[in-house]
Each structure stands twice: as C-alpha cells, then as structure tokens.
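The values are calculated or read from the model by the stated rules, or taken from the named source; none is laboratory data. Keep in mind that this is a model prediction, so the values were computed, not measured. Glycine gets a Cβ as well: all are built from the backbone with ideal geometry, and neighbour counts include every protein chain shown. All accessible areas refer to the heavy atoms of the entire protein, side chains included, with ligands and DNA or RNA removed. Shrake-Rupley method; radii C 1.70, N 1.55, O 1.52, S 1.80 Å.
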Amino acid sequence: MKQPPLPYRSVSARRGARALWGAAVALLFLVGGMGNAHAQETEEGVQQVFIQCCVERVEQRIENEERVRYLQGNVRLLQDSTYLQSDRAVQYLDRDEIFFFDNVLIADQGDSLRADTVFYNRRSKVGEALGRVELSDGEVRVFAPAALHFTDEKRTDFMQGVTLVDTTSTLTSLAGTYYSDESRADFAGLVQLTSDDTFLQADAVRFYREEEISHAYGRVLIERFERDEGQEETPADSLTRTYLLGDYAYNDDKQQRSRVEGRALVYQLRYEDDQLDTLMLRADWLYTQEKEGHRQIIGRGEVQSWQADFAAVADSAVYDRYQPGYFPVPGDAPPDADTLEALLADASPEAIRTGAPAATAADTAPDTTTSADAAASRSSAATAADTTAAGRAEQEPPPAGASPLPLTPLSPDRGHEAEEPLEEARLFRDPVGWFEESQMSADTIRVRSGGGAPVDSIFGRGHVFLAQLDSTTQRIHQLRGRQLEGISTPDSMRAFDVWPNAAAVYHRHTEAGAPDGALRVRADASFFRFEGDELKYIHFAPNIEGQYWEEELVPDPLELDGFLWLPELRPTQAALLNAVPEQRVQLFMYLAGKLLPDRPPPPHHWLRRGVLDGTPLPELPDDMPLAPPGEVPLPRPDAPPSNPPPSNPPPNDAPPDTDAP
C-alpha cells in the first residue's frame, strides 16, 4: 500500500538493522498489534493510524484497569493528512486517546498548531491544546493559552485570552473561533481589532481576514484616522479622528466605510489652524465612507447633529467634506447617484453586503428638490458665474418680478484654486436647524461653508420659516416663504432672500433698546441685509401689502402662519453624549486610556479559565443579522487528567502488559 509522503525524513535502511527493528517495534506497539497494522479501517469503522517513530523509551502498563503506554523522544503520528509530533506521549489504548507533551505540533494541509500539551482523540480527530498555543497557516498567527482544534472541520476554538495577527490587523479577545478554510474569526469578550488607520472594540466580532470586513455586536466603538490629501505620511495623532458608537457595526477597511446601528453616534474631532472642530451626529443608523478627495456621513431616523456654529434635527441627513479639486459644480442638478434615495440605498445593509445598491421602501426617502428647482438653480448659477456671494450683499435688489440671483459661494472651477476644503450638510424631511440666534425649518435644508469662499451659505426649499431672536427686545423676527437663500460673511454681514409668497415680521427698537413697534409685510419676494443683529436694508417686491403697529398696539402674539420656535429641541454636545450614558462612559474611558503612558497588556494567565463559566459569550450567527444575536456558551475542552504522566517513563522492570503483543 502506498502511504502519503511524511512531513519528516523517514528512517533509512543504511542506518542499520537496529534502527529498523526499533521503528518496527514502536509501530506495532502504537497500532495495537501486527494483525491490523496495515489495515485502512478497523471493525468499528475508524481509520487506521500509521505511525513511524524512533522513540527513545517505550513502556506499557495497566493503570486503573486500562492499558496505558508511555513514549519518550521523537514521537510521530500520521492519520490521513494529519501529522502530530512531540517529545513525549501517553497513549490510552482502550479509548483511542493520546496525550502529547512538550513541543507538540499538529500539521494538516498547510495549517499548523503548536502547544505545550495536546490531548488528541483519534476517532473524532479533535485535539485539546494547553499552554502557549499557536495556530498558523503562513499568513496568520493566532495565540492563546488553551484551544480546541477540530482537524476535519479546519476550526479551532480558543479561550483564556486570544490574539490573532496578520499582515494588516491584530485582533484580541477573551475567547474566539478561527475557521482556516474561510479565513474567518469569530471572537467574543472584550474584542479589539487594530489596523493601520482603524481601531474597533465590541463585545463580539466576526472578522473576514482576507476581505478586511468585520461585523461587530454589542457596545461597539470604532475609531478612524482620516487622511486629507498630502497627509499620507502624517502621524495618526495629527489626523482627523472619527469615533462611531452603537449596538451593531459593519466595518470595511479596504473600502473605508462603516455602518453603525442601534443608538448610533458619530463623534468627529479635527484640528485646523490649531483649533479643534467637532461634529456630532446621533441617529437610528449612521453610515460613513471615505473616497479620494471626499468624505461622507449619512444618518437616518431621528437625526440630531451638533457643531459649534450649527445644530439641527431631521429625519435624514448627509454630511460631505470635499478636498480642493473635488468640489461639485455649482448650479448643477444633483446626479442620480447623489440623490437622497440613492444615498440611502448605497448605505443600506443589502448594498454594503453585496456591493450593489439595493433601495427598499424602509431605507429610502424622496429628495424634495424638484426638477423646476434644479432648472432654476442651473439658470441662476450661469447668470451669476462671475458674482461672488459676498458681493451680492452690496448690490441693488433685482427689479420687480425678477428671479433672485443665487447665493452660492462656489465658483465653476470645482475649487481647483481653493486652499481649504468645502463642507456641506443636507437635511431632509422636515428638518430644523439653528445657527447663532436663528432657527430655520423647511422641507429640506442645505448648509455650505469653506471652499475658499469668504462666506457661509444656507438654502431652504419648501415651507421655509426663519425665526430669529432679537437680543435687544427678546422678540422674534420672522421670515416665511417657499425658498430661502442666505449668506454670512466673517465681518458679520448677513443676507437672506425669500421667494415666492414671502412674508415677514420685524420688531423695531429705539437706540436705547426699548421696543418700538412692529412691521408685517407680504410680497412675492423679500430681501434682508443685516450687520450683526441690526437690519441695514430691506426690500419687498412685487405685490406688496403690509401693516405697521405702534408699540402699544402690537398684537400679542404676533406670529405668521406656520410659526415655529423650538429652542428646547436644539441639540447640544452634552445632550448628545448624555443620551446614552454607557456610551459616554465608554468613550471617556477609551479617550482617557489613550492619554495614559503605554504599558504592556496583562499576561494571559491573569485571565482565569473560570471567566468562561460566567456570562455566556455570544456566538455570531451564520446569516449575520443586524440585530445582536442571542447568547450561547462557547465550546471548551474538558480538563486534562489531574495527574499527567511523569517526565521519565516507568523503569524497564515494570510489570509487563500480558495482553500486549
């Protein structure tokens, strides 16, 4: 019978008859007799084990009414494609079990497992490894104090603290399972995944090593280091940091995208000109992706956002940051791939799993920008190609009946001459936004800043209502219409244009700050120019009608139809953090830990084996549902014998085994 090639050099006949005789005797002892030494299968259907060894000492005895054989030195075992070797071994002849001790190696089809001790069952082909366990396939190495190795399934369960290391990532946890054929790791219990520009921690993680894709469950925290153009060699500590927290996360390192669900939070920190810029978003789910020259965050479901100069609530939101040279062309209608419906579809669970957009009714929302709005925007942009938004504030208002000029801060060169990025926020489905002392509501809101322009701009479409608190009189100025465009310059100049069906309420005050009457005006369009809180210019046209009240005759309340003033809903940084206290603690502990001096992790033996007997660790489901899976205990090997075999086998004058050949 032709045997498979052995992963070691076999004994040569030239070494002498004595060596061959010793090998033959060892072979007979280990296979249990000459009559079936060459059989492929026993009566019970168990595949035969072929062993070649040159053991230094072999001894067999009866212990607890079962046959036990002790071997020392150069122990080798081959079963099908599985090869085992060690310095010492103890074979339990009646149970098809072997204990391997010292420098144990299990090799099978490119995979190798090393350990101090392995308890191997020849029937199930399962090995229980203890002490300095290491699994390797040439590309990945997995370390743990204990493991359960399933040879046929190409699966290894690790416990008491496990670390996986490959060329791009390091994964650690209390326990886990590695599937060699699938290059997949299911880790649970204080899981941490580290790569070049990403850190992830969670209660449980399913990690596809070759694809660099991970599914994280329970108390998820992801930290991303984002590099702008020209920052390829910049240390991570100097980059934009984005933290994502939630109950579940999908993370794709190769595509640089993540989706977080369940109490989702994005917390972004960016240093610019030695100043810290912070962005926070909370929603039912959040999606982030970084492409060349463009970063994007999409939120859906009770979105709340906060920045130092702008806060908002909405059903859906899209935040973009463009690098110079990648700006969108102003006035162009959004491409099909950039509508809210398409964006939500691209960020859906189906799309991120299959790589193809798959919009569903639950995951899409219509973009309220109409084709007429888009056409008007394109026409307006062409008219104002050479006019900056800052200059518009100083121009005369357009003639009666004319369409107002656009207030876009962008030039048609896609920002090639700009030296700073462009940031844009788009809010959908009845959003409300706050900036300074103003509140704006509409069907959709768009806010832009940066991009080399000296102004920030805001756009509203559909049922626009702008309310502003007068800091002097503590009364609320009001502005209403179907569309709004506004700008704000660094020198405190502000302009707001509203059309059509414009209406406004303005409260006057004396130089001493006392209330001095109010004005309500209706017209097709209205144009306001402010310097600070002071109104410098106002124009209405055409079809004007209005009413003025002296102070003692001002109605109380004086409100336009659709009046909305909700300062109590304005998100704050503290409120977003405190909405989920455990996330606030988790983020604080993580950030505080990064400030501590580096120190090595505790040794694995600090993690007692008993930790697995406590709260069961979750097993990740095969179909990867978005909801956290149910909790089931991980498998663990039985404890080894309380009395392992001695370092030296029994003396040669021990009582013989009368049943042995």
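Values for this structure:
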| read-out | value |
| --- | --- |
| Kirkwood hydrodynamic radius of segment 479-590, Cα pairs, Å | 17.0 Å |
| Cα convex hull of segment 524-580 - mean projected area over all directions, nm² | 7.2 nm² |
| Glu341 paired with Ala575, simple spin-label distance in nm, labels 7 Å along Cα-to-beta-carbon | 3.3 nm |
| Nearest-0.05 FRET efficiency for Leu553 and Glu292, computed from C-beta distance (R0 56 Å) | 0.35 |
| Residue order for Lys154, Lys291 - accessible surface, 1.4 angstrom probe, largest first | Lys291, Lys154 |
| Low-density loop positions, GluC sites (Glu not before Pro), segment 93-160 - DSSP coil, at most 14 other Cβ in 10 Å | Glu139, Glu153 |
| Accessible-area order (highest first, 1.4 angstrom probe) of the listed residues Tyr271, Tyr322 | Tyr271, Tyr322 |
| Segment 152-308: translational diffusion in µm²/s, Stokes-Einstein, Kirkwood Rh over Cα pairs, 10 °C, 1.306 mPa s | 97 µm²/s |
| Taking the convex hull of Cα positions in segment 472-542, its mean projected area over all directions (nm²) | 4.8 nm² |
| Euclidean distance of C-alpha centroids, segment 205-222 and segment 496-559, integer Å | 56 Å |
| Total charge dipole magnitude, segment 46-203, about the Cα centre, Cβ charges on Lys, Arg, Asp, Glu only, Debye to nearest 20 | 540 debye |
| Mean Cβ neighbour count within 10 Å, used as a protection proxy, ranking 241-248, 99-106 highest first | 241-248, 99-106 |
| Two-site FRET efficiency, Glu65 against Thr168, from Cβ-Cβ distance with R₀ of 56 Å, rounded to 0.05 | 0.55 |
| Range of Cα positions in segment 87-241 per principal axis (Å), largest first | 67, 30, 23 |
| Computed E for Asp152/Asp197 - FRET, C-beta separation, R0 35 angstrom, nearest 0.05 | 0.35 |
| Debye-sum result for segment 438-498 in log10 I(q)/I(0), which assumes one identical scatterer on each alpha carbon, at q = 0.16, 0.21, 0.25 Å⁻¹ | -0.54, -0.85, -1.06 |
